[in-house]
Amino acid sequence: MVRGSCLCGGVRFEVDAIELLSNCHCSMCRKVHGAAYGTFANAYKTGFRWVSGEDLVQSYQSSKHNTRPFCRVCGSNLPKTRPDDETWVIPAGLLDDDPGVRPCLHIFTGSKAPWHEIDDDLPSFDTHIPGYGPEEEA
Ligand SMILES: [Zn+2]
Ligand SMILES: [Zn+2]
């Protein structure tokens, strides 16, 4: 089991397992994370549970197709899913335990920060993984 929480600790969740980690370099993830890129953990819906603070989750609609949930007390980015998704997408910085997997790819490297160099050989995609999501930032 892998536990996660927001900065203030009001929001807590746990997942049975993290399936993969990926880095998104799009400009929206950069802003939302305040960092060179956002690292996200994917977990199957069936293994995800809120432990506390679900009532603190607020959502910002960042585009027509995407929302960016955050804790209304401390502002931390929070896990997100949609009714027809198979997984939760979890900002990896929230994880309190080692998820046991390491980042395996980069997406939206076509819009990465000019001041950040990717220094590994992981697969990288200019936009989304073909067939897995929208090609425009969302
Ligand atoms: Zn919080
Ligand atoms: Zn992104």
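Just so it is clear, none of the values below were taken in a lab; they were calculated from the coordinates. Predicted model, so just to flag it, every value in this text is computed and none were measured. With ideal geometry, Cβ positions are generated from the backbone for all residues, glycine too; neighbour counts draw on all protein chains shown.
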Hey, in the GNM for the chain with a 10 angstrom Cα cutoff, which one of G34, G93, G53 fluctuates hardest? G34
Which of rounded, prolate or oblate describes the range 1-82 when judged by the alpha-carbon gyration tensor and an a/c cut-off of 1.5? oblate
With charges only on Cβ, +1 for K and R and -1 for D and E, what is the dipole size of the range 2-111 about its Cα centre, in debye, rounded to 20? 480
How large is ³J(HN,Hα) for each residue in the range 2-10, as worked out from phi by the Karplus curve 6.51 cos²θ - 1.76 cosθ + 1.60 (θ = phi - 60°), to whole Hz, x for Gly and Pro? 10, 9, x, 7, 7, 4, 7, x, x
The alpha-carbon center of the range 1-71 and that of the range 90-105 are separated, in whole Å, by 11
What aspartates and glutamates could a cross-link reach from K45, if we take a straight Cα to Cα line under 14 Å and drop same-chain neighbours fewer than 8 places away? E14, D16, E19, D84, D85, E86
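Working out 0.36 nm times the residue gap between C74 and S124, then minus their Cα-Cα distance, what length gain in nm do you get to one decimal? Please report the intermediate quantities before stating the final value.
Numbers: separation 50, 0.36 × 50 = 18.00 nm, distance 3.21 nm.
Length gained, C74 through S124: 14.8 nm.
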Ranked highest first by average number of other Cβ atoms within 10 Å, how do 123-131, 37-45, 13-21 line up? 37-45, 13-21, 123-131
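Around G38, with a cut-off of 15 angstrom between Cβ atoms, what is the net charge of the other residues, counting Lys and Arg +1 and Asp and Glu -1?
Numbers: positive: R30, K31, R68, K80, K112; negative: E137.
Once positives and negatives cancel, what remains is +4.
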Phi-based couplings in Hz for the range 46-54 (Karplus 6.51, -1.76, 1.60; Gly and Pro marked x): 5, x, 9, 9, 6, 9, 7, x, 4
Within straight cross-link reach of K31, meaning Cα distance under 16 Å, which lysines are found once same-chain residues fewer than 8 apart are removed? K112
With Rg and the Kirkwood Rh both taken from Cα atoms, where does Rg over Rh land for the chain? 0.94
Among S111, L94, G75, the residue whose Cα sits farthest towards the positive end of the charge dipole of the range 70-125, when +1 is placed on the Cβ of each Lys and Arg and -1 on the Cβ of each Asp and Glu, is G75
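How much length would be gained if the chain were fully extended between L7 and D85, taking 0.36 nm per residue of separation minus their Cα-Cα distance, in nm to one decimal? Mind showing how you got there, number by number?
On the way: separation 78, 0.36 × 78 = 28.08 nm, distance 2.61 nm.
So the extension gain works out to 25.5 nm.
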